1. Of (1) touching a helix residue (DSSP H, G or I) at 6+ places or on another chain (Cβ under 6 Å); (2) modelled with pLDDT of 95 or more; (3) closer than 24 Å to residue 193 by Cβ, residue 325 satisfies all except one. Which?
2. Quick one: how many residues across segment 135-145 are surrounded by fewer than 24 Cβ atoms within 10 Å (Cβ to Cβ) and in contact (Cβ under 8 Å) with a residue 60 or more places away in the chain?
3. Just name the residue that is surrounded by the most Cβ atoms within 10 Å (Cβ to Cβ) out of those in segment 347-371 that are touching a residue at least 40 places away in the same chain (Cβ under 8 Å) and in a helix (DSSP H, G or I).
4. Just checking, which of 194, 155, 190 is touching a strand residue (DSSP E or B) at 6+ places or on another chain (Cβ under 6 Å), over 17 Å from residue 331 (Cα atoms) and buried (at least 23 other Cβ atoms within 10 Å of the Cβ)?
5. Can you confirm whether residue 230 is within 13 Å of the ligand (Cβ to nearest atom) and either in a helix (DSSP H, G or I) or touching a strand residue (DSSP E or B) at 6+ places or on another chain (Cβ under 7 Å) (or both)?
6. When residue 207 is evaluated against the numbered criteria (1) surrounded by fewer than 20 Cβ atoms within 10 Å (Cβ to Cβ); (2) closer than 30 Å to residue 332 by Cβ, which criterion, by number, is the only one it fails?
7. Only one residue in 244, 283, 277 is touching a strand residue (DSSP E or B) at 6+ places or on another chain (Cβ under 8 Å), part of a loop (DSSP other than H, G, I, E, B) and farther than 21 Å from residue 143 by Cα. Which one?
8. Are any residues in segment 128-140 over 12 Å from residue 109 (Cβ atoms) and out of contact with any helix residue (DSSP H, G or I) (no Cβ under 6 Å at 6 or more places or on another chain), and if so, which ones?
Ligand code: CA
């Protein structure tokens, strides 16, 4: 996602909607300095893993070659334990992930890969807009893969930290992928936790679900968009995708509606939702695509959505409802539909990536050292925002929203 680097599937981005953890924005890879004792401990660990790796199907010669000059990167262990002090509201998250830029880029990708996407839909039953929306959120259409060498990151996490059993499986899977000739070792870079490629699959997910759609004998999710798009569709199909069905739609809640206790898993029939007074956002009656859960990520006074089975398939891609909503909404935008109709309950809406870059430029003009203008409001950008908010007599919370942008713009 142009929120590189990407998070691993299924565990670390286990965030709740409405208070999304923004650890992606505090990333900055620092020079890797390893003490001799850390290096020795790592080498001892790698020597111990040689035998379980062989049992997991990694040829000893491959294991030796791939671990020969490996140094640990202990920064990834810190990532595993990182507890962000900063959470961001859902409206900031969506404003950055589903902005005009990503909709335009996605439409270009739909046109560019039309033939492949048509074949993918015939094979897996997943429509082009959904596949391209996943691609856009996962890797910004192949532009942001993460920059951690996979063997180094997964080797380090196999020998350090609290998830070693989990990461060893991924480490061995990475080696099997290389051994199978699918992707070269030096091409395998990704998130600090090992998600890689266009679709940000973990190595074991790759082994289960990646497909060689162009039939060249390799399943390549790094340099082959055709394989990647088909693999995404295959993932969704295996996660229970129903062809021709919508993920859900925005609804309007009746006044005084109590959203507490509702959620993705509290499924009711459309007849029940209708009886409780829900209509589509445009006021038309609810359409029936099976039982549905209600998502109201900002409570009863913000946007609300009824979600069907296909939303759960999207959700299983990364186990976060905010993430699922980003993909679902982006897919709708790619179908030509409009923005979310109900405003978020805030007087300071979020910023698109273009607006974040503009804000960063305005901060630099005022002498703040915020690093690169990258559209990601990391630690230094937030500190600069906070300083400006204080100077301007605004609430000093370090958050980049429309208020601070408009104020700095008009100064
Ligand atoms: Ca291939």
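1. Going through (1) touching a helix residue (DSSP H, G or I) at 6+ places or on another chain (Cβ under 6 Å); (2) modelled with pLDDT of 95 or more; (3) closer than 24 Å to residue 193 by Cβ one by one, residue 325 breaks only (1).
2. Summing the residues that are surrounded by fewer than 24 Cβ atoms within 10 Å (Cβ to Cβ) and in contact (Cβ under 8 Å) with a residue 60 or more places away in the chain in segment 135-145 gives 4.
3. That would be 359.
4. On inspection, the qualifying residue turns out to be 190.
5. yes
6. All conditions are met except number (2).
7. 283
8. The answer is 138, and nothing else.
The values are calculated or read from the model by the stated rules, or taken from the named source; none is laboratory data. Just so it is clear, the structure is predicted and the values come from calculations on it, not from any experiment. Methodologically, a virtual Cβ is constructed for each residue, glycine included, from the backbone with ideal geometry; neighbour enumeration extends over all protein chains shown.
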